[in-house]
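Undergrad: Below are the structure tokens for one structure; questions will follow.
The values are calculated or read from the model by the stated rules, or taken from the named source; none is laboratory data. None of the values given here were measured: they were computed from a predicted structure. All Cβ positions, glycine included, derive from the backbone under ideal geometry; neighbour counts span all protein chains shown. Calculation scope for accessible area: heavy atoms of the full protein, side chains included, ligands and nucleic acids excluded. Shrake-Rupley method; radii C 1.70, N 1.55, O 1.52, S 1.80 Å.
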Amino acid sequence: MSFISNKKIIEKYLRKGMFPTIFCTGCGIGGVMNFTLRAIYDLNIDIDTTVFVSGIGCSSRVPGYIDSDGLHTLHGRAIAYATGVKLANPNLNVIVFTGDGDCGAIGGNHFLHAIRRNVDLTVISINNFIYGMTGGQVAPTTPIKSKTSTTPYGNIEYPFDLSILAKVIGAPYVARWTTAHPGQCISSIKNALQKPGFSFVEVLSPCPTFYGRLNKMGTALDMTKHLKESTINVKLYEKILAEGNTTDKMVIGELVNTDKEDFGTKYKRFCGELK
Amino acid sequence: MTNEIIRLVGKKDLFIQGDEATVYGALLADCKFFAGYPITPATEVAEGMAIWMPKLGRVCVQMEDEIASIAAVIGASCTGVRAMTATSGPGFSLMQECIGYACMAETPCVIVNVQRGGPSTGQPTEAAQGDIMQTMWGTHGDHQIIALAPKSVQETLDLTIEAFNLSDDYRVPVVVLLDAELGHMREKVVLPEVKNIKVEEKIKSNIESDNFKPYRKHFKKSSKIPNFKHFGLGYKTYITGLTHDERGFPVTTSAEVHEDLVTRLIDKILDDIDNVWYYEDYLIDDAEIMVISYGITSRPAASAVKMAREKGIKVGHIRLITIWPFNYEKIKELLKNVHTVIVPEMNLGQMIHPIREVVGKDVKVILAPRIGGAIHSPKEIFKYIGEVKP
Ligand SMILES: Cc1ncc(C[n+]2csc(CCOP(=O)(O)OP(=O)(O)O)c2C)c(N)n1
Ligand code: SF4
């Protein structure tokens, strides 16, 4: 955990010309941006060779506020653009910010295939269980029964679990936390940034403006508390399972941490062998 | 560059298909990144790239679809390398949103579209010129792109190289439009000498990011092309498809900023149209009838004009090599003495629309359409010429 003031983080990393942000009061996205910058600070990563790529959505506005190269692309396409950036210049650190809809609905196929190829990207997905930017419609992550503007009587579809999806397809690094776990988040983002290959960090985050209001969840603080209460650490979860019990809670923690040669490194080696 | 490629390929004279010609064109133009998705009749482009690109240490990747392909190409281009994709109608339709992005963000990229019969899956193996309007207007919003339509395999190779140059110079997507016939036709080509491949500066900047204005005009020759700095140089370049100011920062509700940006995107090319608009003319000096064609159709069109001249008919031929932008002024001038224009197209009438617009009511414009796959025969076009009444 980094002992650096917010003021210093703002001074060092933010693009003042872009302020104020579009984020609502109480929104969790700013927190995730802060965690990411703290991880970058702790690792002393060169911001001049770091590119932030995003799609479209509230979460995808993050790169605009960071004073570095940034590529704000199209809804769902961030990972595909990022694949081009990384493969064309492997010396760049490529970090993707994506919403749960951006990553899991319209961009779902790019997400799966970038994991399959194991492109060396760090993908940070801010999951607020809803479409924030467009005013609170149902997302592929919206829990059953939750109300959104396009499920006014409650959602009847089964949701996706993005982290489990990433794990099953074979991402070498997967972690999930909530905005109520800043220290753990920073530490996982640090691990993700250092991991060659596709690393995925999902952060469950409050959208008080839509998800909170439509589901009568109270203030942003109440929502954060709720996130904490409705999740369970993977270590505890495994213990419960071993005891033959089960739980409805969402599993958080470091879910995968293995080694697997990334696509760019493999490609370079393969080119060398052809010559 | 040429020598390196000749050494790799083993010879300078090749007998290849149009699709393959785009591959050699890209290799010669120093294209460092290719991403594509297989589709008839453009698959041979991806296959050719898969053979040569890794041997040169350049990137070639088959993506999960055409949207991902063009997206990866644009991403690669942001790092300062030349990048290309290739597709046909269905894939070209999927790419449209990203093509608009590249126009808005002013990211160079080359798209080869080997046209087949549409709409929809249509006639995968049959030639068509059905994407003429889509090439210009497929993506939403006002914009301008550049599209080139070769008529032979050699010209396909040469124009692919030119496409990279124009794309870099004007910071705009350039489409190379073939069709299934030209894409699969074999002809002899000679690998040309390619010089002056521009190398972007790789100097690191220490500029204050809020002061850096990557989208400021008045840098390059036509003055409205921005001096963009690619990723990794410390310029802290921010690229967005949202309407943005000179710094690249989103400003989405100002009519002034939007109008300024969008008109510049168009004017940066139209102000300089004579330098991007290529054409060829044949026997036009005393012509009273003009055949206007583009792409593969220009071959039977030229033969038909020759046949008609032998019969004493005063007919000329204009071949559009750059099909977009459409050079209204120049075409109007070329047509000032004719009473009839014949437009053979492998569609039910697309390029005929701007031609009609340019000549006004005094000149008769006749469409010679053909769909289904076969190209026009010279006789067929000759018949249209013969039937013209002064
Ligand atoms: C092709 C396309 N379809 C739809 C939209 C409209 N749109 C913008 S953001 C968004 C969803 C945003 O939700 P999410 O990705 O979860 O991000 P959040 O805003 O919640 O952070 C949609 C549907 C769009 N911009 N482009
Ligand atoms: S709408 Fe929701 S996700 Fe978007 S900024 Fe507001 S609180 Fe955050």
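Undergrad: Show the residues, 5+ positions off or on another chain, whose built amide H is closer than 5 Å to the amide H of A:ASN93.
TA: The list, which skips near neighbours in sequence, is A:THR50, A:VAL51.
Undergrad: Ordered by residue, what ³J(HN,Hα) values in Hz, to whole numbers, does region B:35-51 give under the Karplus form 6.51 cos²θ - 1.76 cosθ + 1.60, where θ = phi - 60° and Gly and Pro are x?
TA: 9, x, 9, x, 7, 5, x, 10, 4, 4, 5, 4, 5, x, 4, 5, 6
Undergrad: Still on this structure, I have one more. Output the antiparallel fraction of DSSP beta bridges having both residues in chain B, as a percent to the nearest 5.
TA: Details: 14 of 50 bridges.
DSSP beta bridges in chain B are roughly 30 percent antiparallel.
Undergrad: Shifting gears a bit: What is the antiparallel percent of DSSP beta bridges lying wholly in chain A, to the nearest 5?
TA: 20
Undergrad: Give me the compactness ratio for the protein assembly as shown, meaning the Cα radius of gyration over 2.2 N^0.38 Å.
TA: After normalising by residue count via 2.2 N^0.38 Å, the value is 1.05.
Undergrad: Mind checking region A:85-165 for trypsin sites (Lys or Arg not before Pro) that DSSP puts in a loop (not H, G, I, E or B) and that have at most 14 other Cβ atoms within 10 Å?
TA: A:LYS145
Undergrad: Apply the Karplus curve 6.51 cos²θ - 1.76 cosθ + 1.60, θ = phi - 60°, to the phi angles in region A:241-246 and return the couplings in whole Hz, x for Gly and Pro.
TA: Per residue, the Karplus-derived 3J(HN,Hα) values read 4, 4, 7, x, 9, 9 Hz.
Undergrad: For a quick check of your reading of the filter: which chymotrypsin sites (Phe, Trp or Tyr not before Pro) in region A:157-236 sit in a DSSP loop and have no more than 15 other Cβ atoms within 10 Å?
TA: none
Undergrad: Same structure, new question: Obtain the nm distance between the two label points defined at B:ASN227 and A:LYS225 by a simple spin-label model: each point lies 7 Å from its Cα along the Cα-to-C-beta direction.
TA: Modelled inter-label distance: 5.7 nm.
Undergrad: Here's something else I'd like to know. Quick one: accessible area per residue over the protein assembly as shown, 1.4 Å probe, rounded to a whole number of Å²?
TA: On the way: 26620 Å² over 665 residues.
It amounts to 40 Å² per residue over the protein assembly as shown.
Undergrad: Now for a different question. When a/c is below 1.5 the answer is rounded, else prolate if a/b is larger than b/c, else oblate, so apply that to region B:2-209 with a ≥ b ≥ c taken from the square roots of the Cα gyration tensor eigenvalues.
TA: Details: a/c = 1.67, a/b = 1.06, b/c = 1.57.
In terms of gyration-tensor shape, oblate.
Undergrad: Counting only other residues whose beta carbon sits under 10 Å from that of B:PRO300, what net charge do I get with K and R as +1, D and E as -1?
TA: On the way: positive: B:ARG299, B:ARG370, B:LYS379; negative: B:GLU380.
Around B:PRO300, the charge tally is +2.
Undergrad: Let me ask another. Ignoring ligands, DNA and RNA, what percent of the accessible area of the protein assembly as shown is carbon or sulfur (1.4 Å)?
TA: Reported share for carbon and sulfur atoms: 53 percent.
Undergrad: Can you give the charge dipole size of the protein assembly as shown about its Cα centre, rounded to the nearest 20 debye, using +1 on the beta carbon of Lys and Arg and -1 on the beta carbon of Asp and Glu?
TA: 920
Undergrad: How large is the helix-only mean residue ellipticity at 222 nm for chain A, computed as the sum of -39500 (n - 2.57) over DSSP H runs with n ≥ 4, divided by its residue count, in deg cm²/dmol to the nearest 500?
TA: Values: 10 runs with 100 residues, N = 275.
Taken over chain A, the calculation gives -10500 deg cm²/dmol.
Undergrad: Can I ask one more? B:GLU310 versus A:LEU241, label points 7 Å from Cα toward the beta carbon: distance in nm?
TA: Roughly 8.1 nm, to one decimal.
Undergrad: If you don't mind, another one. Which one of B:MET346, B:GLY373, B:PRO325 is farthest out on the positive end of the charge dipole of region B:280-386, using unit charges on Cβ (Lys, Arg +1; Asp, Glu -1) and the Cα centre as origin?
TA: B:GLY373
Undergrad: Right, next: Quick one: which residues, 5 or more positions from A:LEU204 or on another chain, have an amide H under 5 Å from its amide H? H modelled 1.01 Å from N in the peptide plane, none for Pro or chain starts.
TA: Excluding prolines and chain starts, which carry no amide H, the hits are A:ASN127, A:TRP177, A:THR178, A:THR179.
Undergrad: Work out the charge dipole of chain A with +1 on the Cβ of Lys and Arg and -1 on the Cβ of Asp and Glu about the Cα centre, then indicate which of A:PRO206, A:GLY244, A:PRO172 is farthest towards its positive end.
TA: The listed residue farthest towards the positive side: A:PRO206.
Undergrad: Take chain A, compute every pairwise Cα distance, and split them into 5 Å bins from 0; I just need the percent in each bin.
TA: Taking every Cα pair in chain A, the percentages come to 1, 6, 13, 17, 20, 17, 13, 7, 4, 2, 1, 0, 0.
Undergrad: So if I place +1 on the C-beta of Lys and Arg and -1 on the C-beta of Asp and Glu, and nothing else carries charge, what would the dipole magnitude of region A:25-274 be about its Cα centre? I want it in debye, nearest 20.
TA: 340
Undergrad: Take every DSSP beta bridge whose two residues both sit in region A:165-275, then give the antiparallel share in percent to the nearest 5.
TA: Here the share of antiparallel DSSP bridges comes out near 30 percent.
Undergrad: A follow-up question, please. Per residue of region A:127-135, in order, report the coupling 6.51 cos²θ - 1.76 cosθ + 1.60 (Karplus, θ = phi - 60°) as ³J(HN,Hα) in whole Hz, putting x for Gly and Pro.
TA: Listing the rounded values in order: 9, 10, 6, 7, 8, x, 4, 8, x Hz.
Undergrad: Projecting each Cα onto the charge dipole of the protein assembly as shown (Lys/Arg +1, Asp/Glu -1 at the beta carbon, about the Cα centre), which of B:ALA72, A:GLY64, B:SER303 comes out farthest on the positive side?
TA: Of the candidates, A:GLY64 comes out farthest on the positive side.
Undergrad: So, one more: Leaving ligands, DNA and RNA out of it, rank A:PHE263, A:PHE52 by accessible area with a 1.4 Å probe, largest first.
TA: Ranked from most to least accessible, the order is A:PHE263, A:PHE52.
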